[in-house]
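Written below as structure tokens is the structure these notes are about.
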Amino acid sequence: MDAYSVSYTSPSLRGSSRIYQDLAAYRQATRNRIGQKAEQLNMDFLEKLRKPRPSKPPRIGIVGAGISGLRCADVLLQNGFDVTILEGRDRIGGRTHQATLPSGHLVDLGPNWIHGTESNPILDLTKETSTPTHTWEEQVNIFDENGKVLQNGSSLTEAMWGIIVQAFKYSAQNTANIDPKKSLHDFFLEKVQETLPGEENSEQQRKIVMQMAELWGAFVGSPVETQSLKFFWLEECIDGENLFCAGTYKSILALIAKPALEKAKLRLSTKIIKLETKPNAITLTAEDGSESEFDEVVVTSPLGWLKINKPAFHPPLPTRLSQAIDSIGYGSLEKIYITFPRAFWLKDGAKPEDQFTGFTQWLSPIYAPDTNPSKWNQEAVDMATLPIPCAHPTLLFYIFGDQSVSLSTDLAALPSEKEKQAHLTRFFKPYFSKLPYYEEGSKDCLPVACLATNWVADELAGYGSYSTFRTGLQKGDEDIEIMREGLPDQHLWFAGEHVAPFVALGTVTGAYWSGEAVGKRIADAYGMAQVDKDDFNPEEINSNDGSKEVNVRGFADKALEE
């Protein structure tokens, strides 16, 4: 999940909220010994211990050196395990990765948002590493299908967010009875008439709100038409601000990775092609034919990778687990950084509130038929107003779904980097040329560099970006729980954003929490877990603040108030 995050459950209702009950149960389960001594553990748990206090540290293999794998390694190392990380790439980080623009500025190719700031460990790491963050709050500029700036864009955005709020509440309260085929788009069609009743101008406004609804795809990497309404409640994120990681995730990743790099065995460029469970051990076979045996294996590969590589597991994964892997969707979100000699869209000396900054959206453009016949919405955020020294004259475009696949295919067909750059400039020119102070032929308005991600063609990323919930899904919450449980009886565990607490699915925080959780579960299984003074306290999620029933940010907040 990127670009945005949404939270709608108020603190006063979290004790009865399914999504926050799951967070409490999830994190308390990882530390089921809070406030207890080892001798107080119940007999059922004791019977599940692998080898209490083994004479040699158990050998743990972790497949993948992304956020979840690195955090899992940290927890296991703290508890005395022998840890080996096997990573298919020639670097750590997985989908958390950076590149340097020709201007010298570093940018994130993967996640670049911190989703929610309330009790979020990633925010703590951001502060510890002095990584700058930024928020544009509700600053948004909207062009209609003809390329004209919408004068009532803010009010229509508020109307759109109001329907989003209604959809969250409706999904949470009626999930058991909602037709799995019903989409968020269907819900919008029903509610937009109620939100904007009447004829004449209202008809045009309703059309624009439906076009705005298409931008939901930037949240989940899939079109709004395929967003499950039944499980829309699972798209909620942690409460608090939604912060852009202006300084990139580089220092945060380095801090998370530090224990593993210092104490674990790290094998890069090691693609695992076979995972075979044997009595009391698991053997991993790499692409080069080498084999490694472990007492436990934690698979942190992305959900997309699991979907493609289920045959790699021997014996085959249980039917219900296999079904769960197939059922959860996997979205694709790509980023395109377009850098200019200077930020021509900003006016020198103007007040911040008068600048054309924040998010800019181009709705269903009909003026680019040659490059965009499907009239895909476009959305960009302004990098020039980031905190100094992070600011640079760059527009960051987000694209998703079919557009991601189309652009990736087009770029792959071009033989040279020069041709790829020209293609990106040509594709996005109809949109950035609508910005203020654009002058045809001016060097300031001609891109000096374009950088496009290509996760949709990345094998190790599972040809996509992160998990999502699509129409047709019948047991989404149960599917997540099935994958989250893993196969501890077969010494096989799973971690990653796709098995995170419901409130953090699809996020860096979710990946971090899931790796932490599995590490602690394995430590518990061996009777080696140490009680940590910083362990999760389930009371942290509850509050007596009942100021409002729903809590969301920005325009959604304003829509609710109205």
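The values are calculated or read from the model by the stated rules, or taken from the named source; none is laboratory data. The model shown is predicted, which means the values in this text are computed figures rather than measured ones. Glycine gets a Cβ as well: all are built from the backbone with ideal geometry, and neighbour counts include every protein chain shown. In case anyone asks, the SASA skips ligands and DNA or RNA and just uses the protein heavy atoms, side chains included. Shrake-Rupley method; radii C 1.70, N 1.55, O 1.52, S 1.80 Å.
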Interchain or long-range residues, amide H under 5 Å from ASN141's placed H
PHE359, THR360, GLN361
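Per residue, how many Å² of accessible area does segment 247-382 show with a 1.4 Å probe? Could you put the intermediate results ahead of the total?
Details: 5760 Å² over 136 residues.
Dividing the accessible area of segment 247-382 by its residue count gives 42 Å².
Rounded if a/c is under 1.5, else prolate if a/b beats b/c, else oblate: with a ≥ b ≥ c from the C-alpha gyration tensor eigenvalues square-rooted, which is segment 69-126? All intermediate terms of the calculation are to be shown ahead of the outcome.
Details: a/c = 3.08, a/b = 1.34, b/c = 2.30.
Oblate, because a/c is 1.5 or more while a/b does not exceed b/c.
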Cα-projected label distance for SER322 with ARG91, points at 7 Å along beta-carbon direction, nm:
3.6 nm
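May I ask you to compute the full-extension gain from ASP444 to THR100, defined as 0.36 nm times their residue separation minus their alpha-carbon distance, rounded to one decimal in nm?
Numbers: separation 344, 0.36 × 344 = 123.84 nm, distance 2.08 nm.
That pair, ASP444 and THR100, stretches by 121.8 nm at full extension.
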What is the Cα centroid distance between segment 169-230 and segment 378-423, reported in whole angstrom?
28 Å
Output the pairs from LYS148/LYS443; LYS250/LYS443; LYS207/LYS375; LYS148/LYS429; LYS274/LYS307; LYS230/LYS375 with a Cα-Cα distance over 20 Å in this structure; if there are none, say none.
LYS148/LYS443; LYS250/LYS443; LYS230/LYS375
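Between TYR367 and GLU485, what length comes free when the chain is fully extended (0.36 nm per residue of separation minus the Cα-Cα distance, one decimal in nm)? Each step should come with its number before you reach the end.
On the way: separation 118, 0.36 × 118 = 42.48 nm, distance 5.00 nm.
Separation in residues times 0.36 nm, less the Cα-Cα distance, equals 37.5 nm.
With +1 assigned to the C-beta of every Lys and Arg and -1 to the C-beta of every Asp and Glu, and no other charges, what is the dipole magnitude of the chain about the Cα centre in debye, to the nearest 20? Could you put the intermediate results ahead of the total?
Numbers: 56 positive and 75 negative charges, 307 e Å.
Dipole of the chain, to the nearest 20 debye: 1480 debye.
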Considering only protein heavy atoms and a probe of 1.4 Å, how much of the accessible area of segment 155-201 is carbon and sulfur, as a whole percent?
47 percent
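How much FRET efficiency would the formula 1/(1 + (r/R0)^6) give for GLU459 and GLN151, where r is the Cβ-Cβ distance and R0 is 60 Å, rounded to 0.05?
E(calc), rounded to 0.05, equals 0.80.
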With each label point set 7 Å from Cα along the Cα-Cβ vector, what nm distance links LYS347 and GLN21?
5.4 nm
Grab the Cα-Cα distance for ALA254 and GLN204, subtract it from 0.36 nm times how many residues apart they are, and report the gain in nm with one decimal.
13.0 nm
Computed FRET value (nearest 0.05) for ILE388 with ILE308, which takes r as the C-beta separation and R₀ as 60 Å:
0.90
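What is the packing order of peptides 306-316, 138-148, 211-221, taking the mean over residues of other C-beta atoms within 10 Å and listing the highest first?
On the way: 306-316: 15.4, 138-148: 17.6, 211-221: 24.3.
Result, highest mean first: 211-221, 138-148, 306-316.
What percent do you get for the relative contact order of the chain when only Cα pairs under 8 Å and 6+ apart count? Could the numbers behind the result be given before it?
Details: 1139 pairs, mean separation 161.2, N = 562.
Averaging sequence separation for qualifying contacts and normalising by length gives 29 percent for the chain.
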Using a simple spin-label model with points 7 Å from Cα along the Cα→Cβ vector, what separation in nm is obtained for GLU478 and GLU293?
3.9 nm
